[in-house]
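Notes to accompany the following structure.
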Amino acid sequence: MFRISLSKVPLSRHVFPSIQNTQSRTVTTVRCDVPRRADIPSPRGPGKISTPQDFLKAIGRSSETKISIDSWDAFWRTSGWDMKNAGLSIQDRRYILWCMEKFRQNKPIEGFAHEERPKKKIRGRGPAVQFGKRIRSRRDR
């Protein structure tokens, strides 16, 4: 077995036809340490949503009682970490941030705001419990 060092042997078209002029190819990477913020949307509608409290009241789930921010710009600069430090639960944070992104994409609030999923009435899963009754197999008898 012999070794060929590619740094010492010049590559030609006959040896590697798919690689041409490898010395001139360079890869540059750019790293950005500061995350890019999305644009801050302007308040919409004729007096409908003009403050963060109006927005939180419009999306429901009693979000206006869970977080209080006074200015519109400060509300849109709020991150998930800020909401976590304010004491919001994970589900509330995710829902508010999701609604903020939908609002930023100019979608109507009536189209995406929804109530929480109701609690499960029956614990368990699969065919063991159906319609509130426990299903027994013939094998258990």
Complete set of residues in region 39-71 that are modelled with pLDDT of 90 or more, crowded, with 17+ Cβ neighbours inside 10 Å and in a loop (DSSP other than H, G, I, E, B):
Arg61, Ile67, Ile69
Leu88 versus (1) part of a loop (DSSP other than H, G, I, E, B); (2) open to solvent by 100 Å² or more (accessible area, probe 1.4 Å): which is the lone unmet condition?
(2)
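The values are calculated or read from the model by the stated rules, or taken from the named source; none is laboratory data. Treat the numbers as computed from the prediction; the structure is a model and nothing was measured. Don't worry about glycine lacking a Cβ; one is built from the backbone with ideal geometry, like all the others, and counts go over all protein chains shown. Keep in mind that these areas ignore ligands, DNA and RNA; they rest on the heavy atoms of the full protein, side chains included. Shrake-Rupley method; radii C 1.70, N 1.55, O 1.52, S 1.80 Å.
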